[in-house]
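FYI, it's all coordinate maths here, none of it is from the lab. The structure presented is a predicted model; accordingly, all values stated were derived computationally and were not measured. Glycine also receives a Cβ, built like all others from the backbone with ideal geometry; neighbour counts cover every protein chain displayed.
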Amino acid sequence: MIIQLTDQSDSFLSGAECALQIRMEQLVPAIKIGETVEIDFSNVRGTSQSWMNALVMGALLECGMDSLKFLKFKHCNPLVKELITFSVQKAKQRSLQAA
């Protein structure tokens, strides 16, 4: 499955509600059946950290850290890569605290 985040050029994604909707309607159901999901950040110049946490960290906490193997992040600029990395690290910390 490919999740194309935006068709608009130079987009900044914010609003955790939008990320939550993508996570609940597309990302988590695909992960739960073992489908690889490509999240395409083409034309995305950045996101808020809360947006990225709602999408990435939320999915990892809901589906487990092993679900990271089903996620592929494509066309990420350096800022987006940094935000993804932070969200993954935060999910790891929370999952360790819960264990």
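Just one of (1) surrounded by 15 or more Cβ atoms within 10 Å (Cβ to Cβ); (2) under 25 Å from residue 11 (Cβ atoms); (3) in contact with a helix residue (DSSP H, G or I) (Cβ under 6 Å, 6 or more places away or on another chain) trips up residue 36, so point out which.
(1)
Being in contact with a Leu (Cβ under 9 Å, 6 or more places away or on another chain), crowded, with 19+ Cβ neighbours inside 10 Å and of a type in the set (A, V, I, L, M): is that true of residue 68 here?
Taking the combined requirement at face value, the residue does not satisfy it.
What pairs come up if the first residue lies in the stretch 72-99 and is without any contact (Cβ under 8 Å) to a residue 12 or more places away in the chain, the second is of a type in the set (Val, Ile, Thr) and surrounded by 12 or more Cβ atoms within 10 Å (Cβ to Cβ), and their beta carbons are under 8 Å apart, counting only those six or more places apart or on different chains?
none
Filter the stretch 69-81 down to the residues that are within 12 Å of the chain's Cα centre (by Cα) and part of a helix (DSSP H, G or I) and list them by number.
Of everything in the stretch 69-81, those that are within 12 Å of the chain's Cα centre (by Cα) and part of a helix (DSSP H, G or I) turn out to be 70, 80, 81.
Residues are listed down the side, and each one gets a yes or a no for (1) exposed (fewer than 14 other Cβ atoms within 10 Å of the Cβ); (2) within 15 Å of residue 2 (Cβ to Cβ):
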residue: 22; (1), (2): no, yes
residue: 43; (1), (2): no, yes
residue: 48; (1), (2): no, no
residue: 53; (1), (2): no, no
residue: 64; (1), (2): yes, no
residue: 72; (1), (2): yes, yes
residue: 78; (1), (2): yes, no
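Please work out which residue is farthest from the chain's Cα centre (by Cα), limiting yourself to the stretch 15-68 and to residues that are among the β-branched types (Val, Ile, Thr) and part of a helix (DSSP H, G or I).
Per the stated criteria, the residue is 31.
Please state which of the following conditions residue 23 fails to meet, knowing it meets all the rest: (1) more than 24 Å from residue 78 (Cα to Cα); (2) out of contact with any strand residue (DSSP E or B) (no Cβ under 9 Å at 6 or more places or on another chain).
Tallying (1) more than 24 Å from residue 78 (Cα to Cα); (2) out of contact with any strand residue (DSSP E or B) (no Cβ under 9 Å at 6 or more places or on another chain), residue 23 fails exactly one: (1).
If you take the residues of the stretch 84-99 that are crowded, with 20+ Cβ neighbours inside 10 Å and of a type in the set (A, V, I, L, M, F, W, C), which of them is farthest from residue 11 (Cα to Cα)?
91
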